[in-house]
Amino acid sequence: MPQLLEQTQQRDMTCRELTLRSDSINEQDRSFEAVVATETPAIVFDMRSFELIDEILIAKGGQFPNQVPLLDDHQRSSGINSVMGSANNFRLQGSQWVGRGVIGVSADGNIHREQTWLDVRNGHVNAVSIGYQVINFVDIPAGQSQEVNGKIYKAGERTLRITSQWRVHELSLTPIPADKEALIRKQQGTPPAKTRRFFR
């Protein structure tokens, strides 16, 4: 078994897209509830090696502030114009994080924000994506196994990154469903078909 190597990353931010469950939408406050992170393995692009790797986020290592911006995408260069509202009420339920997004009312009749709300309410935009900073992680070479936090993990054909500490900075809306395990929560009934896509 290879030696355990724990590393720290301070500046890079990764994004994970998660499918919404439209049944949880509250028309009065223009909000929706979603599972925003799970421990399901995902493929991400590693900026250090410029290769695709697998990554698992350890749920207990997630750090969430009381509130983060709800954006229309991860391109923060557009400044406050990309802010659609906020996300809050984050809590850990088993091995997944749940939170609530709120699309703000536009005082000046902002067409983009109002159209975004209508698209979410009507189910046309059915996914969200967390933007998070990786703080501590362990990389396991392809085909090898390691124990991390008392659990054995085995890498497949790619390097497997076990991210034991990570911090969320924003939640973004996206039209593309992504995470198999993370959907907007339904109040009742069974969840719809799930898909997952991760990108960096």
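Computed extension gain for Arg121 through Leu92, at 0.36 nm per residue and net of the alpha carbon distance, reaches 7.9 nm.
For the pair Ile135 and Glu51, what calculated FRET efficiency results from E = 1/(1 + (r/R0)^6), where r is the Cβ-Cβ distance and R0 = 22 Å, to the nearest 0.05? Between Glu51 and Ile135 the formula returns 0.55. Taking amide hydrogens as placed 1.01 Å from N in the peptide plane, the amide H of Asn126 sits under 5 Å from that of no residue at least 5 positions away in sequence or on another chain.
Our estimate of slack between Glu39 and Asp108, defined as 0.36 nm per intervening residue step minus the Cα-Cα distance, is 20.8 nm. Ranked by the mean number of other Cβ atoms within 10 Å of their residues, highest first, the peptides 54-66, 124-136 fall in the order 124-136, 54-66. Taking Lys and Arg as +1 and Asp and Glu as -1, the other residues whose beta-carbon sits under 12 Å from that of Met84 total -3. The Cα-based radius of gyration of the stretch 25-87, divided by its Kirkwood radius, gives an Rg/Rh of 1.04. Whole-Hz Karplus values for the stretch 42-52 come out as 9, 8, 10, 9, 8, 6, 6, 9, 6, 10, 7 Hz, taken residue by residue from phi with 6.51 cos²θ - 1.76 cosθ + 1.60 and θ = phi - 60°; glycine and proline positions read x.
Here, each number is a calculation from the coordinates, and none is a lab measurement. Since the structure is predicted, the reported quantities are computational estimates derived from the model, not experimental observations. We place every Cβ from the backbone using ideal geometry, glycine too, and count neighbours over all the protein chains shown.
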